[in-house]
Amino acid sequence: MRIGELARRTGVPVPTIKYYTREGMLPAGERTGPNQVHYAESHIRRLKLIRALTEVGGLSIAAAGEVLAGIDSPGSTVHGMLGTAQSAVSRVAAERGTDETWERADREVGELVRRHGWTVRPENPGWQTLVQVVVAYHELGQSELLGLLDRYADAAGTLAAAELAAFDGVPSMDAKIEGAVLGTVLGDAAMAGLRRIAQEDVSRRVEAQPHPG
């Protein structure tokens, strides 16, 4: 197919397709003449993947490019690509505080990790994000929310095991890697969406309960 048809079938404008190609996110088409380039069905799938990462998963173009480069890299593993995807979706402060509040939060995250029997490096982007969350809770006096972290951890551990088990029967390593990436990036969006749906339902039922007195 020509680039115009590729644009029509994917909803991605021609200039954007050319931009993705220049950035190395989309493989170049096959040149069949001086002014003719042929694109395959694989280009449609790749554009859908790019849109999923950026429009649904909320990744920047730079972050999506890093994830795609990892997917394309020979010898990539599920474990390694999980780290790449985690870094892409994690919001870690450019500068970390060094005062007592940050040190306390880091210790609390470490204690939580140990309570759940996890083997995780403190450099994990999720660890660093959680430290920021704990710092904010402390600074705002939200001890009730701090008390929920172990319940979050229980749910996260169960979900992580289920996500990886979902690919046990997938024979292709490439498919497993892509699935792990999408599970990380789109899984965050899915959980956020489900949580908001559940919050609306629960809050409505709570509001409907009769108030004492």
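The values are calculated or read from the model by the stated rules, or taken from the named source; none is laboratory data. Note that the coordinates shown come from a computational prediction; the quantities given were computed from them, not determined experimentally. Note that we place each Cβ from the backbone using ideal geometry, even for glycine, and neighbour counts take in every protein chain shown. Accessible surface areas use protein heavy atoms only, side chains included; no ligands, DNA or RNA. Shrake-Rupley method; radii C 1.70, N 1.55, O 1.52, S 1.80 Å.
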Filtered residue count, segment 147-169, keeping only those that are surrounded by 15 or more Cβ atoms within 10 Å (Cβ to Cβ) and farther than 19 Å from residue 195 by Cα: 2
Of all residues in segment 165-198 being among the small types (Gly, Ala, Ser) and in a loop (DSSP other than H, G, I, E, B), the one that is modelled with the lowest pLDDT: 169
Flag if residue 144 is open to solvent by 90 Å² or more (accessible area, probe 1.4 Å), more than 25 Å from residue 45 (Cβ to Cβ) and outside any helix (DSSP H, G or I): no
Filter result (in a helix (DSSP H, G or I) and not hydroxyl-bearing (Ser, Thr, Tyr)) within segment 72-91: 72, 78, 79, 80, 81, 82, 83, 85, 86, 88, 89
In segment 56-71, the residues that are under 12 Å from the mean Cα position of the chain (by Cα) and in a helix (DSSP H, G or I): 56, 63, 64, 67
Test: residue in segment 94-106 that is part of a helix (DSSP H, G or I), out of contact with any helix residue (DSSP H, G or I) (no Cβ under 8 Å at 6 or more places or on another chain), open to solvent by 70 Å² or more (accessible area, probe 1.4 Å) and at pLDDT below 95: yes
Residue in segment 199-209 that is surrounded by 10 or more Cβ atoms within 10 Å (Cβ to Cβ), charged (D, E, K, R) and modelled with pLDDT under 90 present: no
Residue count for segment 1-44, restricted to those that are open to solvent by less than 30 Å² (accessible area, probe 1.4 Å) and within 28 Å of the chain's Cα centre (by Cα): 10
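Yes or no, residue by residue, for (1) in a helix (DSSP H, G or I); (2) within 30 Å of residue 52 (Cβ to Cβ); (3) not aromatic (Phe, Trp, Tyr):
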| position | (1), (2), (3) |
| --- | --- |
| 108 | yes, no, yes |
| 120 | no, yes, yes |
| 154 | yes, yes, yes |
| 157 | yes, yes, yes |
Residues located in segment 52-77, provided they are more than 17 Å from residue 125 (Cβ to Cβ) and at pLDDT 85 or above: 52, 54, 55, 56, 61, 65, 68, 69, 71, 72, 73, 77
Failed condition for residue 134, given (1) part of a helix (DSSP H, G or I); (2) in contact with a Gly (Cβ under 9 Å, 6 or more places away or on another chain): (2)
Those residues of segment 104-128 which are under 21 Å from the mean Cα position of the chain (by Cα) and in contact (Cβ under 8 Å) with a residue 24 or more places away in the chain, in sequence order: 109, 118, 124, 125, 126, 128
